[in-house]
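Computed from the coordinates by the stated procedures, all read-outs in this text should not be read as laboratory data. Keep in mind that this is a model prediction, so the values were computed, not measured. When we count neighbours, we look across all protein chains shown, and the Cβ atoms used for this are built from the backbone with ideal geometry, even at glycine.
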Amino acid sequence: MLNPGCRLYLITPPRLDPAAFSPLMSEALDGGDVGCFQLRLKGVEDDAIRQAVEALMPLAHAREVAFILNDRPDLAAEMDCDGVHIGREDGDYRSARAMVGADQIVGVTCHNSLHLAMSDAETGADYVAFGAFFPTGTKDAQHKAEIETLEAWAESVEVPCVAIGGITPANCAPLVQAGADFLAVVSAVWDAEDGPAAGVKAMNEAIRDAF
């Protein structure tokens, strides 16, 4: 049990209507501790991303939650987001950093590779993300991550790590105990039977109970 500071990293569904989603987001963020909020939209026009940022980022900032944009460092810089997350197929750390600047967060997907994670961390990445740890319906996960990867990272590197992929209150304890700094979730919150606030509360309780 290496990291009692594990927190929630909340990711949006891949498609949303900002007006309809805003109250759900507020409900989620008011349901308990959330360390980061990532806007992850797929297959939409740039203006739709801009509109979503304009509607949703103030909700995060009002609660002192970092607002991260997925895959688009250009738009993250334009919209003054707190940072960007880059997938292996969507760019690289150096170009993302050049776009958003030195003061913003840049996180990178590293699948199950300590080598990739170490390389990005040494170059300056603010966090690395490992996954998928469990089956997920949110995306077609082509890479499976192992608990041992988290353990090895947490024992040797100070750069924060994010665990992602099918994480729920029922299965997250080993990830927390292995040293994950953040647990990234989608369905566990937005599809929670009793609503997003209950989903956030359940995840926070599961993180706490893992110790």
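Read phi for every residue in region 164-179 and hand back ³J(HN,Hα) as whole Hz from Karplus 6.51 cos²θ - 1.76 cosθ + 1.60, θ = phi - 60°, with x for Gly and Pro.
Each residue's phi maps through the Karplus curve to give 9, x, x, 7, 9, x, 6, 10, 7, 3, x, 6, 4, 5, 6, x Hz.
Could you list the residues of region 58-81 with an amide nitrogen less than 17 Å from a label point located 7 Å from the Cα of D30 in the Cα-to-C-beta direction?
58-65
At most 13 other Cβ atoms within 10 Å and a DSSP loop assignment: could you name the GluC sites (Glu not before Pro) in region 1-73 that fit?
Those that pass, being in a loop and sparsely packed, are E45, E64.
Taking 0.36 nm per residue of separation and subtracting the Cα-Cα distance, what length does fully extending D103 through E122 add?
5.2 nm
Quick one: Debye curve from the alpha-carbon atoms of the chain only, equal weights, vacuum; give me log10 I(q)/I(0) at q = 0.08, 0.10, 0.15 Å⁻¹ to two decimals.
Once normalised to I(0) and log-transformed, intensities are -0.24, -0.38, -0.91.
Count charges around Q38 for me, please; just the other residues with Cβ under 11 Å from its Cβ, Lys/Arg as +1, Asp/Glu as -1.
-1
Put a dot 7 Å past each Cα toward the Cβ at D92 and Q51; how far apart are the dots in nm?
3.6 nm
Kindly write out, for region 30-42 in residue order, the coupling ³J(HN,Hα) from the Karplus curve 6.51 cos²θ - 1.76 cosθ + 1.60 (θ = phi - 60°), rounded to whole Hz, with x marking Gly and Pro.
Values, residue by residue: 8, x, x, 5, 10, x, 9, 10, 10, 8, 10, 10, 10 Hz.
If R₀ is 35 angstrom, what is the calculated FRET efficiency for the pair A19 and S156, using the beta carbon separation as r and rounding to 0.05?
0.15
Collect residues whose amide H, placed 1.01 Å from N in the peptide plane, falls under 5 Å from the amide H of N112; neighbours closer than 5 in sequence don't count.
Correct list: G131.
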